[in-house]
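Some notes on the structure that comes next.
The values are calculated or read from the model by the stated rules, or taken from the named source; none is laboratory data. On a predicted model such as this, the values are computed, not experimentally measured, just so you know. For neighbour counting, all protein chains shown are included, and Cβ atoms are generated from backbone atoms with ideal geometry for every residue, glycine included. We work out accessible area using only protein heavy atoms, side chains counted, and drop any ligands, DNA or RNA first. Shrake-Rupley method; radii C 1.70, N 1.55, O 1.52, S 1.80 Å.
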Amino acid sequence: MTRVSINPGRVDWSGENPGIYLKTDPEGEYDTLALFFRVVLSPFGRGHAAIVLGAPDEAQGWPEVPNLIMTDNQRMMRWIVDGWVTRMPTFVGKAGLGAMTWLDCDSVEKRPGNLKTRYSETLRGSGVTLEMIWRDMGPPLPVEVTKENSATKAHEMYSVFLEAKEAQILLNGTALPGQVASRQFFGRTMSTAFLAFSETWVTPAEDL
């Protein structure tokens, strides 16, 4: 297919979407799943959010188990969860996603520091402080994904990824279980912790 300068599809949302997936057993299932969102463009405005499933396979929410979402734009995030997160292979069928508790977020603090060594996002609200930390980043990797190869199988995706060799999630000061592992990512082995900047999801023109 010939590449064109202007994609004829529809931009659904755009922003930042880094993640951290942790395992206690490198060969086992994920023990902790987390995604951060800084959305700068969507049909429902701008906003921030973090999804944390510290018990992905348990159909319970916070505070019984660490399954929660913190956001300052619930309408936007319900649309993104329904249209994107529930389709992502790592989250498909996870009981914790449907049972997670929705919490209001009052503030979001980004601490980029030296991007090669440490990056963090801290969310506060509803009596909860959540900190996501990435360390020891690799070089930027430009990613351009067709609909057939994307996580949702319904959208094209464009982004800049930086894998992190170490990562941590703190919920009210307590670290959630697991360590960074490895996974196959579009033909290469990469970390399960990553920064994703300039991420844009597009509905192809033929599906409009």
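Residues in region 72-107 that are touching a His at 6+ places or on another chain (Cβ under 7 Å) and either open to solvent by 20 Å² or more (accessible area, probe 1.4 Å) or part of a helix (DSSP H, G or I) (or both): ASP72 only. When region 118-140 is filtered for residues that are in a strand (DSSP E or B), open to solvent by 30 Å² or more (accessible area, probe 1.4 Å) and without any contact (Cβ under 8 Å) to a residue 24 or more places away in the chain, the ones remaining, listed by number, are ARG118, ARG124.
When restricted to residues that are hydroxyl-bearing (Ser, Thr, Tyr) and either at pLDDT below 95 or under 22 Å from SER191 (Cβ atoms) (or both), region 81-130 contains 5.
Restricting region 1-21 to residues that are in contact with a helix residue (DSSP H, G or I) (Cβ under 9 Å, 6 or more places away or on another chain) and assigned to a loop (DSSP other than H, G, I, E, B), the residue that is least open to solvent (accessible area, probe 1.4 Å) is GLY9. Filtering VAL160, VAL143 for residues that are in contact with a Phe, Trp or Tyr (Cβ under 7 Å, 6 or more places away or on another chain), modelled with pLDDT of 95 or more and surrounded by fewer than 20 Cβ atoms within 10 Å (Cβ to Cβ) leaves a single hit, VAL160.
Pairs only if they're at least six apart or on different chains, beta carbon under 6 angstrom, first in region 5-17 and closer than 26 Å to ALA164 by Cβ, second among the aliphatic types (A, V, I, L, M) and open to solvent by 70 Å² or more (accessible area, probe 1.4 Å); list them, first residue then second. Listed by first residue and then by second, the contacts come to SER14/LEU41.
MET190 fulfils the conditions (1) among the aliphatic types (A, V, I, L, M); (2) within 20 Å of ARG87 (Cβ to Cβ); (3) open to solvent by less than 50 Å² (accessible area, probe 1.4 Å); (4) modelled with pLDDT under 95 except for a single criterion, (2). Answer yes or no as to whether LEU115 is open to solvent by less than 50 Å² (accessible area, probe 1.4 Å) and either closer than 24 Å to ARG10 by Cβ or more than 16 Å from the chain's Cα centre (by Cα) (or both). When the stated conditions are applied, LEU115 does not pass them.
Of the residues screened, PHE185 is not one that is buried (at least 17 other Cβ atoms within 10 Å of the Cβ) and within 17 Å of the chain's Cα centre (by Cα). No other residue among LEU41, LEU35 is open to solvent by 20 Å² or more (accessible area, probe 1.4 Å), among the aliphatic types (A, V, I, L, M) and under 22 Å from PRO112 (Cβ atoms) apart from LEU41.
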